[in-house]
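Here is the structure we will look at, set down as structure tokens.
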Amino acid sequence: MPEPTLRDLLDVAVEAARAGGQRTLAYFNTGTAVERKADDSPVTAADRESEALMRRTIGAAFPDHGILGEEEGETAGPAPYRWIIDPLDGTRTFVRGVPLYGTLVGVEVRGEPVVGVIYLPALDEMIAAAKGEGCTWNGRPCRVSPVDRLDQSLLVVTDERTARARSDAFARLAARSELQRTWADCYGYVLVATGRAEVALDPIMNVWDCAALLPVVEEAGGRFTDWRGRRTIHGSEAVATNGMLHAEVLKLLEEPTPG
């Protein structure tokens, strides 16, 4: 069987993200029951059913590909392809009835993130990217913003309290940026990729949170790294910018907290 093209992978990623995302809408704003996982993070039937549907969609197209998902763990495959999925990024947002949550699909080929899809079901917005193919927002090309001054930038973070607890980095960035908002989870990175924010960061991230984001941000013209500047989805943290501000943002993140 010939190796799939990037377009083949992207088409299935879009299909899986849409299918999983639309499944979550059956539970959105319905008062669905919330359980707690071992790490005390919330999980709902929407998370589980979405992931199951996404796995079936991917498996039907590529039965020998590996899949890593937040809820069901990893199913290894012999092919050099690994799908990394988050069926409901922003469960806390979802259970509050806020529409800024997403369904994420990333694809690694031989360890390189090459495809990323973010679907925002409650907003019906699809952001999709493949390496070298650019990034689209509901089918139209999208780009990061041209802002080149941090004092004119919008900074977004998922949880301000967590960011401030880690170090003084968020306070330094907030003091230098024009506007700060807590538009959370994947939505903040969508804002960067579509030119509506310049900086998004999180001090705590899992690989399934990051896998779709790196290709999306990069193909939109931005940069996605950990707080030390490493281009990775495995850094347990993330910062994305429009690219022009990245070095300045990293410098502020790296400055030690006064002792």
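The values are calculated or read from the model by the stated rules, or taken from the named source; none is laboratory data. Keep in mind it's a predicted model, so treat the numbers as computed, not measured. Positions of Cβ are backbone-derived with ideal geometry, glycine not excepted, and every protein chain shown enters the neighbour counts. The area values use the complete protein model at the heavy-atom level, side chains included, leaving out ligands, DNA and RNA. Shrake-Rupley method; radii C 1.70, N 1.55, O 1.52, S 1.80 Å.
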Exercise. Go over the candidates 33, 38 one by one and state the one that is of a type outside the set (Val, Ile, Thr), in contact with a helix residue (DSSP H, G or I) (Cβ under 9 Å, 6 or more places away or on another chain), free of Cβ contacts under 8 Å to residues at least 40 places away in the same chain and surrounded by fewer than 18 Cβ atoms within 10 Å (Cβ to Cβ).
Key: 33
Quiz item: Within region 56-71, is even one residue under 21 Å from residue 189 (Cα atoms) and among the basic types (Lys, Arg)?
Solution: no
Quiz item: With 38, 79 as the choices, which residue is of a type in the set (A, V, I, L, M) and in contact with a strand residue (DSSP E or B) (Cβ under 9 Å, 6 or more places away or on another chain)?
Solution: 79
Quiz item: So which residues in region 73-95 are among the basic types (Lys, Arg) and at pLDDT 95 or above, if there are any at all?
Solution: 82
Quiz prompt | Pair list, Cβ < 6 Å and 6+ apart or interchain, from region 103-116 residues that are more than 9 Å from residue 214 (Cα to Cα) to residues that are charged (D, E, K, R) and at pLDDT 95 or above | solution = 104/86; 104/89; 108/82
Self-check item: Of all residues making up region 54-78, the number that are closer than 15 Å to residue 12 by Cβ and among the charged types (D, E, K, R)
Solution: 3
Exercise. Could you list, in sequence order, all residues of region 66-113 that are open to solvent by less than 10 Å² (accessible area, probe 1.4 Å) and aliphatic (A, V, I, L, M)?
Key: 84, 85, 88, 104, 105, 107
Quiz item: Are there any pairs, at least 6 apart or on different chains, whose C-beta atoms fall under 6 Å, with the first in region 50-72 and at pLDDT below 95 and the second open to solvent by 10 Å² or more (accessible area, probe 1.4 Å) and assigned to a helix (DSSP H, G or I), and if so, which?
Solution: 70/208; 71/48
